[in-house]
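Report on the structure given below.
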Amino acid sequence: MHRVQKFIEVSTGRIGYAMTEVALSEASNGAKWNPDPSFRVADALLADPEFASVLRTVLRAGHVMVLAVKPEK
């Protein structure tokens, strides 16, 4: 599948965006990533226009990893 996908790292909860899981595994020393099947690029852009910068990085570098967002209390 050749589209930007969202993955969640099993051990840390970090979020990664990439075209393939292999790109993230190589970038994080073989970590295990679970795909988020509900992720849609268009929905992410509509919810947060700043996501465009993440998308640009993925398209240029092949992947990007971000810290998991913790809900505010």
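The values are calculated or read from the model by the stated rules, or taken from the named source; none is laboratory data. Because the structure is predicted, anything quoted here is derived from the model rather than measured. With ideal geometry, Cβ positions are generated from the backbone for all residues, glycine too; neighbour counts draw on all protein chains shown. The area values use the complete protein model at the heavy-atom level, side chains included, leaving out ligands, DNA and RNA. Shrake-Rupley method; radii C 1.70, N 1.55, O 1.52, S 1.80 Å.
For the condition modelled with pLDDT of 90 or more, part of a helix (DSSP H, G or I) and among the hydrophobic types (A, V, I, L, M, F, W, C), what is the one hit in 23, 52? Talk me through it step by step, then tell me what you get.
Values: 23 fails: modelled with pLDDT of 90 or more.
Going through 23, 52 in turn, just one is modelled with pLDDT of 90 or more, part of a helix (DSSP H, G or I) and among the hydrophobic types (A, V, I, L, M, F, W, C): 52.
Kindly list the number of the only condition in (1) of a type in the set (S, T, N, Q); (2) open to solvent by less than 60 Å² (accessible area, probe 1.4 Å); (3) at pLDDT below 85 that fails for residue 29.
(2)
In this structure, does residue 71 turn out to be open to solvent by 60 Å² or more (accessible area, probe 1.4 Å), in a loop (DSSP other than H, G, I, E, B) and either of a type in the set (D, E, K, R) or at pLDDT 85 or above (or both)? Give the steps one after another, and end with the answer.
Values: open to solvent by 60 Å² or more (accessible area, probe 1.4 Å): yes; in a loop (DSSP other than H, G, I, E, B): yes; either of a type in the set (D, E, K, R) or at pLDDT 85 or above (or both): no.
Criteria not met by residue 71.
Among residues belonging to region 1-18 that are of a type outside the set (D, E, K, R) and at pLDDT 90 or above, point out the one that is most open to solvent (accessible area, probe 1.4 Å). Can you show your working first?
Residues of region 1-18 that are of a type outside the set (D, E, K, R), as a first pass: 1-2, 4-5, 7-8, 10-13, 15-18.
Going one step further and asking which of them are at pLDDT 90 or above, we end up with 4-5, 7-8, 15-18.
On the way: 4: 12, 5: 32, 7: 6, 8: 71, 15: 26, 16: 0, 17: 24, 18: 0 Å².
Among them, the one singled out is 8.
Could you give every pair whose Cβ atoms fall below 9 Å, whose first residue belongs to region 50-63 and is closer than 11 Å to residue 17 by Cβ, and whose second residue is open to solvent by 100 Å² or more (accessible area, probe 1.4 Å), counting only separations of at least 6 or pairs across chains?
63/26
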